[in-house]
Amino acid sequence: MCPPALRSERGLMASTAGLTEAVLYDTLVNYLVSMARTVEGAMNRALDAIVSLESTRTSALPSEVFLLEPRINEMEIVIDEHAIRLLRRGSFSDDEMRLIVAALKITNDLERIGDLAVNLAERVVSLREMQGAQVPEELAPMASAVRAMVSKSLGALIFRNVEMATQVLESDDVVDQYRDRIFEQLLQRMTKEPTLVSPGLQFILATRHLERIADHATNIAEDIIFWVRGLDVRHGRGLAVRSEQAGQGEATSAGDSAITENSHVLDSHVTPACETERA
């Protein structure tokens with residue numbers, strides 16, 4: 001049986017038949033933002049758990065991540081069904097078509113980030129049972145870089161902000177560099193001390209999960225640029241994406257800096273902030 005919140009979401013989706021086109025497309029964006037916030041919450045819990053491995057304060061976080069996974073999976077299905085329903089209507093502008101295509105791709109990346117958060121939580125459970133497990137020095141800054149990339153990609157989704165999406169694309173190499181350095185440090189430790197092989201392998205897997213989360217955040221940013229500007233910047237194409245014009249207002253700039261820390265600060269403003277524009 002679906003939880004009440006999910007039944008409510010499906011009920012809302014089922015009642016869209018008589019709604020206007022504007023509401024239908026805004027509903028799709030709101031679904032995306034809701035799923036993105038849930039995924040970010042799961043990821044943040046997993047990151048907090050892995051970087052504060054020995055803290056009793058974070059001991060319950062892996063269980064919370066496991067509980068969020070079914071909801072994330074269900075939200076992916078709800079969004080896909082709503083997007084397909086919009087496609088069946090057969091009448092949309094270029095902007096609306098790009099939104100539907102981007103939404104179908106973004107939900108897949110969000111679901112994968114949710115899966116990777118679960119994988120990280122599993123690493124935490126295993127590491128807590130091992131003796132001599134020491135968190136690599138650069139794991140915390142790597143986690144912070146990944147957290148910022150995901151937060152900016154979700155902020156770009158909420159505000160349709162190409163500047164923030166472009167910043168995500170530029171940050172991917174930083175995460176890769178952290179992964180490589182941590183791997184080399186762990187390899188040296190494991191070579192000198194065989195008892196560190198088991199926890200070392202768990203941390204190597206954790207850095208791989210973090211790097212993959214960053215890759216999915218990059219995919220989301222690319223899809224947002226495609227939705228907003230109609231530009232395909234995948235695989236390094238069209239990287240000279242022009243920044244948002246400076247005259248878009250100080251309020252947006254203040255919101256951007258808040259999102260860099262954590263996009264959950266926008267919870268109470270999601271609906272008015274993510275309305276789509278139409279010709």
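The figures follow:
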item	result
Lone unmet requirement of (1) under 25 Å from GLN185 (Cα atoms); (2) modelled with pLDDT of 95 or more; (3) open to solvent by 50 Å² or more (accessible area, probe 1.4 Å) for LEU116	(3)
Every residue from the range 198-227 that is among the aliphatic types (A, V, I, L, M) and open to solvent by 30 Å² or more (accessible area, probe 1.4 Å)	LEU201, ILE204, LEU205
Flag for ILE100 being closer than 16 Å to VAL39 by Cβ and assigned to a helix (DSSP H, G or I)	no
All positions within the range 160-182 that are open to solvent by 10 Å² or more (accessible area, probe 1.4 Å) and either among the hydroxyl-bearing types (Ser, Thr, Tyr) or in contact with a helix residue (DSSP H, G or I) (Cβ under 6 Å, 6 or more places away or on another chain) (or both)	ARG160, THR166, GLN167, LEU169, SER171, ASP172, VAL174, TYR178, ARG179
Positions within the range 86-97 being assigned to a helix (DSSP H, G or I) and surrounded by 10 or more Cβ atoms within 10 Å (Cβ to Cβ), in sequence order	LEU86, LEU87, ARG89, ASP95, GLU96, MET97
Residue within the range 75-85 that is in contact with a Leu (Cβ under 8 Å, 6 or more places away or on another chain), of a type in the set (Asp, Glu), over 21 Å from LEU139 (Cα atoms) and in contact (Cβ under 8 Å) with a residue 12 or more places away in the chain present	yes
Residue that is farthest from MET149 (Cα to Cα), among those in the range 31-43 that are open to solvent by 10 Å² or more (accessible area, probe 1.4 Å) and in contact with a His (Cβ under 8 Å, 6 or more places away or on another chain)	TYR31
Candidate set: the range 51-78, residues that are assigned to a loop (DSSP other than H, G, I, E, B) and open to solvent by 40 Å² or more (accessible area, probe 1.4 Å); chosen: the one nearest to PHE92 (Cα to Cα)	ALA60
Filter pass, ASP48 being open to solvent by 50 Å² or more (accessible area, probe 1.4 Å) and either at pLDDT 85 or above or over 27 Å from ARG123 (Cα atoms) (or both)	yes
Residue check, ASP180 over 19 Å from VAL51 (Cβ atoms), part of a helix (DSSP H, G or I) and out of contact with any strand residue (DSSP E or B) (no Cβ under 9 Å at 6 or more places or on another chain)	no
From the options ALA83, ALA133, ALA145, residue that is open to solvent by less than 60 Å² (accessible area, probe 1.4 Å) and at pLDDT 95 or above	ALA145
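The values are calculated or read from the model by the stated rules, or taken from the named source; none is laboratory data. Because the structure is a prediction, the values reported are computed rather than measured. Counting neighbours? That spans all protein chains shown, and the Cβs are built from the backbone with ideal geometry, glycine included. Note: accessible area is taken over every heavy atom of the protein model, side chains too, but ligands, DNA and RNA are not part of it. Shrake-Rupley method; radii C 1.70, N 1.55, O 1.52, S 1.80 Å.
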